[in-house]
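Data first, discussion second: the structure below is written as structure tokens.
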Amino acid sequence: VSPRIELRRDVGRLGVADGPWIRRRQIARIVGAPDPHAVAQVVDRAGDTVGWGLVSAVSSITVRMLAFGPIAPADDWLQQRLAAAVAAREAYRFDEEGTTGYRLVNSEGDGLPGLVIDRYERDLVVQITTAPMAAREGAILDWLRARGEGALHVVLPDAAGKVEGIAPAVRRDHEVPHLTFHEHGLRFDVPAPPSQKTGAYFDQRANRRVVAHLARRHGGALLDVGCHVGGFALHARKLGVPVVALDQSELALELAARNAAHNGLTGGIEWIRGDMFGALDAVRGEFGTIVVDPPKIAARRSDLDRAIPALSRLAQRLAPRVADGGHLVLCSCSHHLVREHLDRVVATLPGADAGAWPRVQILGAGFDHPTMPCHREGEYLRVDVHQRRG
Ligand SMILES: C[S@@+](CC[C@H](N)C(=O)[O-])C[C@H]1O[C@@H](n2cnc3c(N)ncnc32)[C@H](O)[C@@H]1O
């Protein structure tokens, strides 16, 4: 029996424009057991149906909506939505552009809250971050196996385990040290789970190509800050751009150098192990392009007070190294750290008050990272390109 979620009177009429999450404080009471396997009916104080959602009994994000309005999702909504997500990716024909690593399912953006699936050639990494999706792990894997996918690795991250009350786990189909994929013709190996994200940062795929071409057009060297396994660095190097790349992870740098070798790009790249928020003494010279791709530095809104000044100090250290006419590419993968905050960071750069750092391009995640309109938390990647003028 599906539980009924009764909303508080002061919540008003909720609809798709309010986003797909209903928080504990918006709920008056839950009638029936909040079974993670069931789809719950959400009703307002008058008893009218607001929609249907998945319930996480212990999380402050208590309901993730699957549909608004009176019509309940079909019994096979999970399989239908998986099929639609996969068909959408197939229609983009990423393989025709030399890409075999991409996101197959992007949580709310594909109507599958709490589920991310990334493809690494034939193998998949299935990341589950909510209790109701964890309850459906078997059904998800059955559906994927029936399609004849390669190895299926499952990750229930520690952080999600805490907020959702599910047991963290990494279940690998078989022991592999690396996952391999191609991106725009370049081969990459990334650490197998447990690792950063599902292994790779597919959200920046299109931007790696844009920034590489920008760097080639300018002609100066590229500085890749937070280079992970060499994404921006190798794409630029392939176009003949000299590269300096920095990360603090030894494992990431090891794989970055190995990826360079696999692609025959051994010369012209300097790999530096270091803290991007430190003095950056090891980084010397001037650059035509600097890309700054930090980790998630504002997981909570309250982190912004610390994150914005830290990013400003980093940008201030790097800005004088950008050649005239060159570009500073500032990225944020924290949904709390929005464009206005990145603008505030740029406003602290020397000359910004006299118009020296105009924003020339706004980039984001690619076609394989759909977001549900009005789901602000799903829209996390911001990439702003600024040009140095004078
Ligand atoms: C968002 S990822 C970058 C993704 C990468 N640019 C790409 O295109 O694949 C952030 C990177 O910053 C690194 N990192 C985290 N904290 C760091 C720090 N304090 N200093 C340097 N690198 C750091 C992580 O190891 C990770 O590789």
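The values are calculated or read from the model by the stated rules, or taken from the named source; none is laboratory data. Treat the numbers as computed from the prediction; the structure is a model and nothing was measured. For neighbour counting, all protein chains shown are included, and Cβ atoms are generated from backbone atoms with ideal geometry for every residue, glycine included.
Within the range 231-243, not a single residue is surrounded by fewer than 23 Cβ atoms within 10 Å (Cβ to Cβ) and within 13 Å of the ligand (Cβ to nearest atom).
Would a scan of the range 292-302 turn up a residue that is within 12 Å of the ligand (Cβ to nearest atom) and among the hydrophobic types (A, V, I, L, M, F, W, C)? First the steps, then the outcome.
At the first step, the residues of the range 292-302 found to be within 12 Å of the ligand (Cβ to nearest atom) are 292-297.
From what is left, the residues that are among the hydrophobic types (A, V, I, L, M, F, W, C) are 292, 297.
Checking the range 292-302: at least one residue is within 12 Å of the ligand (Cβ to nearest atom) and among the hydrophobic types (A, V, I, L, M, F, W, C).
Of all the numbered requirements in (1) free of Cβ contacts under 8 Å to residues at least 60 places away in the same chain; (2) surrounded by fewer than 16 Cβ atoms within 10 Å (Cβ to Cβ); (3) acidic (D, E); (4) within 24 Å of L246 (Cβ to Cβ), D324 misses one, and that requirement is (1).
Among the candidates H336, H369, the residue that is within 25 Å of D18 (Cα to Cα) and touching an Asp or Glu at 6+ places or on another chain (Cβ under 6 Å) is uniquely H369. The number of residues in the range 267-288 being buried (at least 19 other Cβ atoms within 10 Å of the Cβ) and either away from the ligand (no atom under 13 Å from the Cβ) or under 16 Å from Q316 (Cβ atoms) (or both) comes to 5.
Considering the range 103-203, there are no qualifying helices (runs of 4 or more DSSP H) wholly inside with 1 or more residues that are within 16 Å of the ligand (Cβ to nearest atom) and crowded, with 19+ Cβ neighbours inside 10 Å. Of all residues in the range 182-195, none that is among the basic types (K, R) has its Cβ atom under 6 Å from the Cβ atom of a residue that is surrounded by fewer than 18 Cβ atoms within 10 Å (Cβ to Cβ) and in a strand (DSSP E or B), 6 or more apart or on another chain. Within the range 335-364, the set of residues being of a type outside the set (D, E, K, R) and part of a helix (DSSP H, G or I) comprises H341, L342, V345, V346, A347, A352, A354.
Could you go through the range 63-77 and let me know if any residue there is free of Cβ contacts under 8 Å to residues at least 12 places away in the same chain and under 30 Å from H235 (Cβ atoms). So that I can check it myself, show each step before the final result.
Restricting attention to the range 63-77, the residues satisfying the condition of being free of Cβ contacts under 8 Å to residues at least 12 places away in the same chain are 71, 74-76.
Filter once more, so that each one left must be under 30 Å from H235 (Cβ atoms): none.
No, the range 63-77 has no match at all.
In this entry, L223 passes the filter for residues that are within 13 Å of the ligand (Cβ to nearest atom) and surrounded by 18 or more Cβ atoms within 10 Å (Cβ to Cβ).
Restricting attention to the range 337-365, which residues are within 15 Å of the ligand (Cβ to nearest atom) and either among the hydroxyl-bearing types (S, T, Y) or surrounded by fewer than 21 Cβ atoms within 10 Å (Cβ to Cβ) (or both)? Let's see the steps before the verdict.
Pass one, the range 337-365, residues within 15 Å of the ligand (Cβ to nearest atom): 337, 342, 363-365.
Hits for the range 337-365 are L363, G364.
Within the range 311-321, the presence of a residue that is under 30 Å from R64 (Cα atoms), at pLDDT 95 or above, more than 13 Å from the chain's Cα centre (by Cα) and surrounded by fewer than 14 Cβ atoms within 10 Å (Cβ to Cβ) is excluded. Residue pairs whose Cβ atoms lie under 7 Å apart, sitting 6 or more positions apart in sequence or on different chains, and linking a residue in the range 271-293 that is closer than 22 Å to E254 by Cβ to a partner that is loosely packed, with under 14 Cβ neighbours inside 10 Å, are I272/A282; R273/E250; G274/A282. Residue check: G264 meets all listed conditions (1) exposed (fewer than 14 other Cβ atoms within 10 Å of the Cβ); (2) on the phi < 0 side of the Ramachandran plot but one, namely (2). Quick check on my filter: what residues within the range 4-37 are over 28 Å from the mean Cα position of the chain (by Cα) and in a loop (DSSP other than H, G, I, E, B)? Of everything in the range 4-37, those that are over 28 Å from the mean Cα position of the chain (by Cα) and in a loop (DSSP other than H, G, I, E, B) turn out to be R8, G12, R13, G32, A33, P34, D35.
Among the residues examined, I269 qualifies as under 23 Å from R187 (Cβ atoms) and modelled with pLDDT of 95 or more. If the condition is being under 19 Å from R209 (Cα atoms), of a type in the set (G, A, S) and within 12 Å of the ligand (Cβ to nearest atom), then the range 249-266 contributes only A256.
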